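All remarks here apply to the structure that follows.
The values are calculated or read from the model by the stated rules, or taken from the named source; none is laboratory data. Keep in mind it's a predicted model, so treat the numbers as computed, not measured. Glycine also receives a Cβ, built like all others from the backbone with ideal geometry; neighbour counts cover every protein chain displayed. To get the accessible areas, we keep the full protein, side chains included, count just its heavy atoms, and leave off ligands, DNA and RNA. Shrake-Rupley method; radii C 1.70, N 1.55, O 1.52, S 1.80 Å.
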Amino acid sequence: HDDTSALTFRQDGEQLSKHLSKFIANAEWLINEAGQQQDLQRREIECVLLSDTVSTLETEASMRNEHHQVTLQRNKRLVADLQEVSQLVGQLEADSRSVEVWSAAL
């Protein structure tokens, strides 16, 4: 009788050991899955942040480009104005020489 109960006790212990091993394996698998899930979430957040950074940089680049375009147009107008002033100065110099010629003739 004691042999039978000892055998049953041992078999129950082995069964319990198998169940515990399975339980531990499942728990480790779940922990691993949770860790991978966290990694994925962290990567998703990083992607969103990188996307926001890229968007901000694109906006900044666009604003700088617009600023450069405005500056370029302003510079072109300045060059045109300077050329006009230069022509006027040339005309004034020619007129003043004419006046000198006229004055000398008088």
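Assorted remarks:
- C-alpha long axis of helix 2-105 to longest principal axis of the chain, angle in °: 0
- With a Förster radius of 30 Å applied to the beta-carbon distance between I45 and E66, the computed FRET efficiency rounds to 0.40.
- Evaluated at q = 0.10, 0.16, 0.19 Å⁻¹, the base-10 log of the normalised Debye intensity for the chain, with identical point scatterers placed on the Cα atoms, takes the values -0.73, -0.94, -1.03.
- Whole-percent pair-distance distribution, where bins are 10 Å wide, for the alpha carbons of segment 38-89: 22, 22, 17, 15, 12, 8, 4, 1
- Accessible surface, per residue, of segment 58-105 when the full set of protein chains is kept, probe 1.4 Å, Å²: 93
- Expected 222 nm ellipticity per residue - DSSP helices of 4 or more, -39500 (n - 2.57), all of the chain, to 500: -38000 deg cm²/dmol
- Distance (nanometres) between label positions extended 7 Å along Cα→Cβ at F9 and A94: 12.7
- Counting only protein heavy atoms and a probe of 1.4 Å, the accessible surface of segment 18-106 is 61% carbon and sulfur.
- Where a label projected 7 Å from the Cα of E33 along Cα→Cβ would reach, residues of segment 1-25 with amide N under 20 Å: 19-25
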